[in-house]
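Below is one structure, written out as structure tokens; comments come after it.
The values are calculated or read from the model by the stated rules, or taken from the named source; none is laboratory data. No experiment lies behind these values; they were computed from the predicted model shown. Here the Cβ positions follow ideal geometry from the backbone for every residue, glycine too, while neighbour counts run over all protein chains shown. Accessible surface areas use protein heavy atoms only, side chains included; no ligands, DNA or RNA. Shrake-Rupley method; radii C 1.70, N 1.55, O 1.52, S 1.80 Å.
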Amino acid sequence: MIKIDAPLAANDDAHLKKLCDRQPWPPHYALWQAAYAGYRSHNGNPWYIAPTAFVPDVSDQELWLILGDAA
């Protein structure tokens with residue numbers, strides 16, 4: 001595994017809140033917030049970041065939330 005730098009917006013909780021205010025994300029905000037905090041606290045080191053268990057039926061939408069139009 002290699003370290004992958006987070007997008008600059010990953011350091012911005014206000015940006016995360018804005019994304020999660022749209023449907024279907026409000027119920028997942030706390031999990032996303034914890035995932036971002038874990039990523040930041042371990043400087044993106046994949047060996048130290050615990051996986052986050054998101055609801056499976058929104059996994060494709062989660063990928064779009066992260067990658068946007070690049071997905």
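Things to note:
- Number of the condition not met by S59 [criteria: (1) at pLDDT 80 or above; (2) loosely packed, with under 11 Cβ neighbours inside 10 Å]: (1)
- Filter pass, K3 being among the basic types (K, R), open to solvent by 70 Å² or more (accessible area, probe 1.4 Å) and at pLDDT below 75: yes
- Residues within the range 30-51 that are open to solvent by 50 Å² or more (accessible area, probe 1.4 Å) and touching a Leu at 6+ places or on another chain (Cβ under 8 Å), tallied: 1
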